[in-house]
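Asks: I have a structure here, written as structure tokens, and I will follow up with some questions on it.
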Amino acid sequence: HKKRIIVIGAGMSGLTAARQLQSFGHDVVVIEARDRLGGRVNTDTKTFNSPVDMGASIITGLTGNPIGVVTKQIETKVHKIGNKCPLFLPDGKELTGEMDELLFEKFNTLEQHALKTAKELRANNDSNLDKMGLLDTMREAQEHDMEEIEKQVINWHITNLEYGCATNLKNLSLEHWNQDDPYGFQGTHLFLKEGYSTIIEKLAEGLNIKLSHQVQRINYMGAKGVSVECSTVSKEGKDGKESSASTSVIEEGDMVLVTVSLGVLKSKMIRFSPSLPTWKQIAIDRLGFGLINKLVLEWKDEDIFWRNEDMFGHVKEDEELRGNNYMFWNLKNVTDKPILVSIFAGDAAVKLEETPLEQLVAEAMTYLRRIYGSDTPEPIRTFKTGWKNDPFARGTYSYVGIGASGKDYDSLARPVKGRLFFAGEATCRLYPATVPGAHASGLFAAGQIADAANPIKHDLFKASTDSIIKSLGKENFMKNGIRYRRGVRKYVSQQPQKHQHLYKNKGKADGNASTHANSNLASSSSLLSASSSSLLFKREIPYSKSDHGSFVLNLMEGNLENTILGGDNNKNDDKLKDAAGGVNTDRAVTGVQQGENALKENPSYVLDLLKKSSRDIKQRKKTIKALGKTTPYKSRKRDELDDDGIVDMTDMLLSNKTKRRRYEEQSRQRLKKKIQMKLLKKERKMKKRGMEETGQDALKKSKNKFEQDKSSTPEDVSLCIRNHIQKVLQKYAQKFHLPMNFQDEILEKSFDKVIKDWNSKERTRSVKVWMRNEKRKKSLKSLVSKYTRRYAKVK
């Protein structure tokens, strides 16, 4: 079913989705407000003697990164970023390696304190957690007696974290600011020698793209589909003078994909008709959209004065200025031209856009001359970015603000009414704020649109799943409008490790994020695929339990002809036509109603066909066993279900192999933290008791005490056991008012039992340790209780 798809935005996500949809056979048009491609990917090839990325610049982690795969496909040149990043103090002196490591550990302590605080508040269900920011919590653990230079270096590390989050840390959610950390790509970081735009240009080849078309209004509930109202700006020359003229253009289509930045959505410069649902607008408002800016400086070839490291940092005296020129990137190794890129992060990124370029250059040169000497030459070319004031960006990338969570990324990715779709880095919960996240979101959105573009397959699949779930007695799948495909997929695939042999075809799709997003059609639409020669019924009849496993397995493999015909199309084709009242099997949709009537009249024949569908009895039993142990997907809140039921991106993007690897890594981290917490508790107890000796001294003392206790006489052992019994006996004696002679008899009988147990084998522990054991305590309590109750009856 060929559809006309309108893609708004010619950035990474928009071009990726458009290219994918075009490969699916749809008619795609891309609308871009700027007069260039790329969006927040912008390589400047005119200002300097070499390409310089003004927006996205670094491939962060090569392992499993889809952008790394793309760079190999287009054979673009890259530069591996080195691990060294020396820090220079305010006076220009370099921070020693030992001091650098020490202060970095102190910064890590602040971060760990914030993580621990969030965990404790979450465990106590503290309502204030949603209102707390990251920076204030980190500062709580900072030592007040630190030297001034230590505070300055700590502030540099805080700024470096602000660069990664694109905002001041006080704006970040304490609970969810790092929700995407487990999914980050590992391995080498890279610069692209020819710039990020080389990827954009390749993605744009062969696409229908309309530049300088600014979207004003999107109507996604029209009678015939969607309409997008744009204004175009064209330059006209009259009498040698240029003037701009604006005209209105309306693009019409079946569906629309919005890939503009979160900043543009927040500004509401695009009007939606009808207005966006409340749950969508809440996600837009909750998520934050941050800012990073750059100051680019170029010198003559002979004037290069800095060292060969790929980047170096500069520490500031004033905390308010810590984000100014906090790091310099050396592009000499990348472009072979003497260019430095100065990074402005946090509040400094906002102030940069309000400061004149000459003042910024003078300030940067002051810092560089402190490091490399007063004879450092002036640059010949300079440029500053201004992403906040860019009306088509209004920032750089998203972050999890106070009150927000990772679920808001999923809400932003969800489509509206099967016609309005969204993509971009702010819709990718696993990889937000990154180019790979934008790329993967484009692929995922293309899969969503391809699913929604095929209504016949949707109807057939809903009919199939509705019946099979009812027959299994799992009506709660449908509660509150829960999505069909997600429910069945979760129901069948919750045990991929134990029953991996049942999902061989699905396993072939395992791979990196781009592979999974690219194969969304295979993983989602393939559930709906069926032969055109198959007659598909809407099943309203009960099935025997023996048929459930093979039926659902065939459904998951997209093998609906086996589901209905028992694996033999040709032999049963005529019989099925007769059963359906002579319906043409090539027209599945029109035959559904007649198929229902046929089933009501002769259901036993279809049941017989279903029973023949499984050829391997053992495999069938394993399938049923696997299905029987799973539980249905839990319903979500009503306000989160007002969409067309497309699967969330987070669930589909990771392969089973990657999920297992992530889970194992998280388990190791949890175990490590658990051990650390136990050690910390032990250390606190020792301090509380006033034990100041070191761990080795305590161990030595413990060993000596054990040896002394072990070499004690039998009289000492007897005395210790009697004392423990006496303590337990006193409670019961008071309760039952036992006389002393009874207490003595109980004491002797209990002692005989315990001492016999002690002497039954050679003990490696002291008698005190043995008696303090929880199991021994319960046993002793039970023994004394038995004798006490017996004597109480005699009394």
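Asks: Please indicate, with yes or no, whether at least one residue in the stretch 271-281 is surrounded by fewer than 16 Cβ atoms within 10 Å (Cβ to Cβ) and touching a strand residue (DSSP E or B) at 6+ places or on another chain (Cβ under 6 Å).
Replies: Yes, the stretch 271-281 contains a residue that is surrounded by fewer than 16 Cβ atoms within 10 Å (Cβ to Cβ) and touching a strand residue (DSSP E or B) at 6+ places or on another chain (Cβ under 6 Å).
Asks: Any residue that is open to solvent by 10 Å² or more (accessible area, probe 1.4 Å), touching a residue at least 12 places away in the same chain (Cβ under 8 Å) and among the aliphatic types (A, V, I, L, M) - is there at least one of those in the stretch 24-39?
Replies: Yes, because at least one residue in the stretch 24-39 is open to solvent by 10 Å² or more (accessible area, probe 1.4 Å), touching a residue at least 12 places away in the same chain (Cβ under 8 Å) and among the aliphatic types (A, V, I, L, M).
Asks: Also, I was wondering about something else. So which residues in the stretch 406-430 are under 11 Å from the mean Cα position of the chain (by Cα) and either under 16 Å from Ala166 (Cβ atoms) or hydroxyl-bearing (Ser, Thr, Tyr) (or both), if there are any at all?
Replies: Result: Tyr409, Thr427, Cys428.
Asks: Quick check: anything in the stretch 683-690 part of a helix (DSSP H, G or I), modelled with pLDDT under 80 and touching a helix residue (DSSP H, G or I) at 6+ places or on another chain (Cβ under 8 Å)?
Replies: yes
Asks: Here is a further query. Checking Asn333 against (1) without any contact (Cβ under 8 Å) to a residue 12 or more places away in the chain; (2) under 26 Å from Asp100 (Cα atoms), which test does it fail?
Replies: (1)
Asks: Additional query: Across the stretch 418-437, what is the number of residues that are β-branched (Val, Ile, Thr) and in a loop (DSSP other than H, G, I, E, B)?
Replies: Of the residues in that region, 1 qualify.
Asks: Picking from Gly313, Gly288, which residue would you name as being modelled with pLDDT of 95 or more, over 26 Å from Glu194 (Cβ atoms) and buried (at least 22 other Cβ atoms within 10 Å of the Cβ)? Break it down stepwise before answering.
Replies: Values: Gly313 fails: buried (at least 22 other Cβ atoms within 10 Å of the Cβ).
None of the others qualify; the one that does is Gly288.
Asks: Does Asn83 satisfy being open to solvent by 40 Å² or more (accessible area, probe 1.4 Å), farther than 21 Å from Glu309 by Cβ and in a loop (DSSP other than H, G, I, E, B)?
Replies: No, not satisfied.
Asks: Sort out which residues of the stretch 731-748 are open to solvent by 100 Å² or more (accessible area, probe 1.4 Å), assigned to a helix (DSSP H, G or I) and farther than 16 Å from Lys786 by Cβ, and write them in order of number.
Replies: Matches in the stretch 731-748: Gln734, Met740.
Asks: Hey, Ser50 hits all of (1) surrounded by 24 or more Cβ atoms within 10 Å (Cβ to Cβ); (2) in a loop (DSSP other than H, G, I, E, B); (3) of a type in the set (Ser, Thr, Tyr) but one; which does it fall short on?
Replies: Ser50 satisfies all of (1) surrounded by 24 or more Cβ atoms within 10 Å (Cβ to Cβ); (2) in a loop (DSSP other than H, G, I, E, B); (3) of a type in the set (Ser, Thr, Tyr) except (1).
Asks: In addition: For the stretch 738-766, how many residues meet the condition of being acidic (Asp, Glu) and within 13 Å of Leu783 (Cβ to Cβ)?
Replies: Of the residues in the stretch 738-766, 3 are acidic (Asp, Glu) and within 13 Å of Leu783 (Cβ to Cβ).
Asks: Oh, and also: Within the set of pairs 6 or more residues apart or between chains, which connect a residue that is surrounded by 14 or more Cβ atoms within 10 Å (Cβ to Cβ) inside the stretch 367-384 to a residue that is part of a loop (DSSP other than H, G, I, E, B) and of a type in the set (Ser, Thr, Tyr) with Cβ atoms less than 6 Å apart?
Replies: Leu368/Thr376; Arg369/Thr376; Phe383/Thr47
Asks: Could you please find all residues in the stretch 415-435 being out of contact with any strand residue (DSSP E or B) (no Cβ under 7 Å at 6 or more places or on another chain), open to solvent by less than 10 Å² (accessible area, probe 1.4 Å) and of a type outside the set (S, T, N, Q)?
Replies: Step one: of the stretch 415-435, the residues out of contact with any strand residue (DSSP E or B) (no Cβ under 7 Å at 6 or more places or on another chain) are 416-418, 424, 427-431, 434-435.
Remaining after also requiring open to solvent by less than 10 Å² (accessible area, probe 1.4 Å): 416, 424, 427-428, 430.
Val416, Gly424, Cys428, Leu430, listed by residue number.
Asks: Just the residues that are part of a helix (DSSP H, G or I) and open to solvent by 50 Å² or more (accessible area, probe 1.4 Å), please, taken from the stretch 184-222.
Replies: If the condition is that a residue be part of a helix (DSSP H, G or I) and open to solvent by 50 Å² or more (accessible area, probe 1.4 Å), then Glu201, Lys202 are the ones that fit.
Asks: Hey, does the stretch 731-740 have a residue that's among the basic types (Lys, Arg), more than 26 Å from Lys793 (Cα to Cα) and free of Cβ contacts under 8 Å to residues at least 40 places away in the same chain?
Replies: no
Asks: Based on what the data block shows, is Arg394 surrounded by fewer than 16 Cβ atoms within 10 Å (Cβ to Cβ) and at pLDDT 95 or above?
Replies: For Arg394, the condition - surrounded by fewer than 16 Cβ atoms within 10 Å (Cβ to Cβ) and at pLDDT 95 or above - is not met.
Asks: For the stretch 89-179, list the helices (runs of 4 or more DSSP H) that sit wholly inside it and hold at least 3 residues that are among the hydrophobic types (A, V, I, L, M, F, W, C), open to solvent by less than 40 Å² (accessible area, probe 1.4 Å) and without any contact (Cβ under 8 Å) to a residue 60 or more places away in the chain; which are they?
Replies: 97-123, 134-140
Asks: Quick check on the stretch 749-766: of everything there that is at pLDDT below 80 and not polar (S, T, N, Q), which residue is surrounded by the fewest Cβ atoms within 10 Å (Cβ to Cβ)?
Replies: Glu762
Asks: To continue, here is another question. Being of a type in the set (A, V, I, L, M), modelled with pLDDT of 95 or more, within 30 Å of Gly68 (Cβ to Cβ) and more than 28 Å from the chain's Cα centre (by Cα) is the requirement here; does Ile209 meet it?
Replies: It is true that Ile209 is of a type in the set (A, V, I, L, M), modelled with pLDDT of 95 or more, within 30 Å of Gly68 (Cβ to Cβ) and more than 28 Å from the chain's Cα centre (by Cα).
Asks: Just to check your reading of the model, which residue among Thr167, Thr188 is in contact with a strand residue (DSSP E or B) (Cβ under 8 Å, 6 or more places away or on another chain) and either under 25 Å from Ile74 (Cβ atoms) or not β-branched (Val, Ile, Thr) (or both)?
Replies: Just a single option satisfies the conditions, and that option is Thr188.
Asks: Can you pull out the residues in the stretch 55-80 that are under 23 Å from Lys337 (Cβ atoms) and either among the hydrophobic types (A, V, I, L, M, F, W, C) or buried (at least 16 other Cβ atoms within 10 Å of the Cβ) (or both)?
Replies: Gly55, Ala56, Ser57, Ile58, Ile59, Thr71, Ile74, Thr76, Val78
Asks: What helices (runs of 4 or more DSSP H) completely inside the stretch 331-417 contain at least 3 residues that are of a type in the set (Asp, Glu)?
Replies: Filter on the stretch 331-417 gives 347-354.
The values are calculated or read from the model by the stated rules, or taken from the named source; none is laboratory data. It should be emphasised that the depicted structure is a prediction, and the values quoted were computed from it without experimental measurement. FYI the Cβ positions are ideal-geometry reconstructions off the backbone, even for glycines, and counts take in every protein chain you see. Note: areas computed on protein heavy atoms with side chains; ligands, DNA, RNA excluded. Shrake-Rupley method; radii C 1.70, N 1.55, O 1.52, S 1.80 Å.
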